[in-house]
1. I'm checking my understanding of the structure. Among residues of region B:57-80 that are at pLDDT 75 or above and touching a Ser or Thr at 6+ places or on another chain (Cβ under 9 Å), which one is surrounded by the most Cβ atoms within 10 Å (Cβ to Cβ)?
2. Yes or no: A:I44 aliphatic (A, V, I, L, M), at pLDDT below 85 and closer than 25 Å to A:L123 by Cβ?
3. When only residues in region A:10-38 that are of a type outside the set (V, I, T) and not in a helix (DSSP H, G or I) count, which is farthest from the chain's Cα centre (by Cα)?
4. For region A:325-347, indicate whether the set of residues that are of a type in the set (D, E) and either over 20 Å from A:T227 (Cα atoms) or within 14 Å of chain B (Cβ to nearest Cβ) (or both) is non-empty.
5. Among the residues of region B:214-253, which ones are part of a helix (DSSP H, G or I) and of a type in the set (G, A, S)?
6. Among the listed residues A:I382, A:I363, A:I338, identify the single one that is in contact (Cβ under 8 Å) with a residue 40 or more places away in the chain and touching a His at 6+ places or on another chain (Cβ under 8 Å).
7. Considering only residues that are under 28 Å from A:S332 (Cα atoms) and among the polar types (S, T, N, Q), look in region A:270-291 and name the one that is surrounded by the fewest Cβ atoms within 10 Å (Cβ to Cβ).
Protein chains: 2
Amino acid sequence: MRINYKKELEDAARTMILVHSPQVLIRLIVRMIVRKVNVHHAGILLFDQAKKSYILNVSKGKLGIKIPAGFARIDPESATIRFFTDKSFRSYTNGGALTYDKINGFLRNKNNLKKNKGLEETLLSIRNQMNLFQIQVCVPSYFQEELLGVLMLGKKIKTKTFYQKELDFFVALSHDVAMALRNAQIFDALQNQINHNKRMFFETTKALATTIDAKDHYTHGHTERVTRISLAMAKKLIMDHRIKVDDKFLDDLNIAALLHDIGKIGVPEHILNKNGMLNGEERTCINGHPMIGASILEPIQDLKRVVDGVKHHHERYDGRGYPDGLKGGEISLIASIIAVADTFDAMTTDRPYRPALSKTQAIEEITRGSGLQFHPLAAEIIVELHHEKSL
Amino acid sequence: MRINYKKELEDAARTMILVHSPQVLIRLIVRMIVRKVNVHHAGILLFDQAKKSYILNVSKGKLGIKIPAGFARIDPESATIRFFTDKSFRSYTNGGALTYDKINGFLRNKNNLKKNKGLEETLLSIRNQMNLFQIQVCVPSYFQEELLGVLMLGKKIKTKTFYQKELDFFVALSHDVAMALRNAQIFDALQNQINHNKRMFFETTKALATTIDAKDHYTHGHTERVTRISLAMAKKLIMDHRIKVDDKFLDDLNIAALLHDIGKIGVPEHILNKNGMLNGEERTCINGHPMIGASILEPIQDLKRVVDGVKHHHERYDGRGYPDGLKGGEISLIASIIAVADTFDAMTTDRPYRPALSKTQAIEEITRGSGLQFHPLAAEIIVELHHEKSL
């Protein structure tokens, strides 16, 4: 079967550029080479920024190749890498590629070896490395003069030598490989940055929320537990397809749960930590915390749903809660979930005026309050989590 | 000059895919078409997700074209867009492209018009639109069946009609355009997400820090001012090349300044708000706030420099500060900058035990304290900011 290299190249470039994970991309490239060019196996030596070395990724191809232990990682100072990064060696390639046969040719030509000091040693060392991996052709992949990687091809399956046309195809392909790789690496870096920033956001919010939490002597660890329970409830509701939510729902619930009591910062310490029943005025003051919390978060763009969750976590399904006296479906799902998790945790920890209930007793209370104090779906799911022993 | 379309296409694809800003990419594509194909002008109708319509981006080319006001935005229901999204019209293109001449041909063929209801109206409407923009060829750009945009070409400069080979080139090009565009759009979305997350992180941290700040009755707005002054100092130091910092320095300084007094959450309110001089024990308690702040933030990954800034913002250059009694260069730049900004703001606001100093008086104090209480460079830069009236 004759290969239309131009067309293959175009198709390859178009496929590759759409793959935004470097690891998936490498597997794709290696598989593509093995299939299209009918070699026994192929691999890519890929530069790893973090490890400051080139890592060998090998496809098993049709015959299979085993990488000797300790050889998967190649130093930038090793002969194979230096050959492609040191410009004085550039003239010893076939339009970019380096073949096993060509190395033998160079090594037989004593004039060449005299002209370039270090060439013989370098070529012998490369030949050893190619022997080790059963490699016939090395093709460098440059992106703006930087060696991103080296394509390595094993023996061809039918004929013995590679034609110049094939080598030219590999060189052109390696150019597109470099482009696709760099593209994927940039994507990967952006994605990592997103994950990193997100983690930092959650961790910082958690640290600050926990600290504010600590001002209330009776609720040690309350914020963390309410957050954990709220997320477990939401995840189960989503998994069981009992609610339909958007991408940001869990993040918003997470932040709202972490910050649900943030408004307590506005309640004087002597009321917050009073050892005994609160009088009417003190109760009113404490009951202001959802509104205070909401007002703290209101100026932040894109936290609308979080603000709502904080503001309404003391609303009741029957409309007898505070601050707004909302009813049933008027209360957001985020607020409804936090309300249940919050009450469960309050019931199962010691308070100045009563000892903790057992989990089972608390669950019974919540079941009784379903449709009255609690959103029925939220009450139902925490009961299920309890029975699964996931609380 | 004969054009090697294959080569042009490969080069174009390789250039385009490296451009990660959709707007830059569009300008590049339009300019490329105008130059390579020798048309008077070219444009792209590009779908805008936010505006839910197609926006016309036009190059002036060699002759120039003026977009009539109100025509830059095209509804997805307009004839030109419907022609390329409604599959029943697909057979009326030249392998994908639609030419002005072809439209006229179809309109003369009454059989065609009878076969497909709505065709005549659609074609007349498209012809009007093409007349308006002086367009000869429309080429759709699909990405996985989704119409991302339409390339629009004006008249050729030398000959009158477009050859089929040219139209084929445009169709192939438009495929790569779609790929590059989608790639750039994904980049853009990731970049936006990064900016969005970062803003949310800073805003939330600021909201929580300001709230904690508010517990200390005498320091209203302190956190915001210290943050503003610290950043102004650092930016000036960087602009004047007097310090060399990494990418994250300003972000870390920003967070550290926002959170420098976070440890005050651990100081009882009656000490924090005491109206009069503090006794030894109370002073010791307040002086614990840098350590408390650091311990709150310590569990957060990647905030090492922030933790350090919070912990050491009461160290003194001469080693007589707290909590660690660090000296000179042992104190980080972030802590040194915050120390100066913090003292400046404390001096220029009223305190229970003394009225505010004027800015000039405070700057004189800082000058006197340079090399003793303050890092000389940090002291120097706040003095300069004062003289520039930037404080």
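The values are calculated or read from the model by the stated rules, or taken from the named source; none is laboratory data. This structure is a prediction, so every number in the text was calculated from the model and none was measured. Every residue, glycine as well, gets a Cβ built from its backbone with ideal geometry; the counts of neighbours run over all protein chains shown.
1. To start, the set of residues in region B:57-80 that are at pLDDT 75 or above comprises B:57, B:72-80.
Next cut, touching a Ser or Thr at 6+ places or on another chain (Cβ under 9 Å) only: B:73-76, B:78-80.
Values: B:R73: 13, B:I74: 19, B:D75: 12, B:P76: 12, B:S78: 17, B:A79: 19, B:T80: 25.
The residue in question is B:T80.
2. Working: aliphatic (A, V, I, L, M): yes; at pLDDT below 85: no; closer than 25 Å to A:L123 by Cβ: yes.
Judged against the criteria, A:I44 is not a match.
3. So the first thing to find is which residues in region A:10-38 are of a type outside the set (V, I, T), and the list is A:10-14, A:16, A:18, A:20-23, A:25, A:27-28, A:31-32, A:35-36, A:38.
In the following step, the residues that additionally are not in a helix (DSSP H, G or I) were identified as A:18, A:20-21, A:38.
On the way: A:L18: 19, A:H20: 13, A:S21: 11, A:N38: 35 Å.
Taking the candidates together, the pick is A:N38.
4. Let us first name the residues in region A:325-347 that are of a type in the set (D, E), namely A:330, A:342, A:345.
Narrowing the set further to residues that are either over 20 Å from A:T227 (Cα atoms) or within 14 Å of chain B (Cβ to nearest Cβ) (or both) leaves A:330.
Scanning region A:325-347, I find at least one residue that is of a type in the set (D, E) and either over 20 Å from A:T227 (Cα atoms) or within 14 Å of chain B (Cβ to nearest Cβ) (or both), so the answer is yes.
5. First pass over region B:214-253, keeping only residues part of a helix (DSSP H, G or I): B:214, B:217-219, B:222-239, B:249-253.
Scanning region B:214-253 gives B:A214, B:S230, B:A232, B:A234.
6. Working: A:I382 fails: touching a His at 6+ places or on another chain (Cβ under 8 Å); A:I363 fails: in contact (Cβ under 8 Å) with a residue 40 or more places away in the chain.
Just a single option satisfies the conditions, and that option is A:I338.
7. From region A:270-291, those under 28 Å from A:S332 (Cα atoms) are A:272, A:282-291; that's our starting set.
Within this subset, residues satisfying the condition of being among the polar types (S, T, N, Q) are A:284, A:287.
Values: A:T284: 11, A:N287: 16.
Per the criteria, the residue is A:T284.
A quick yes/no check of all residues on (1) part of a helix (DSSP H, G or I); (2) surrounded by fewer than 21 Cβ atoms within 10 Å (Cβ to Cβ):
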site: B:G293; (1), (2): yes, no
site: B:R305; (1), (2): yes, yes
site: B:E315; (1), (2): no, no
site: B:P323; (1), (2): no, yes
site: B:E364; (1), (2): yes, yes
site: B:R368; (1), (2): yes, yes
site: B:E380; (1), (2): yes, yes
site: B:S390; (1), (2): no, yes
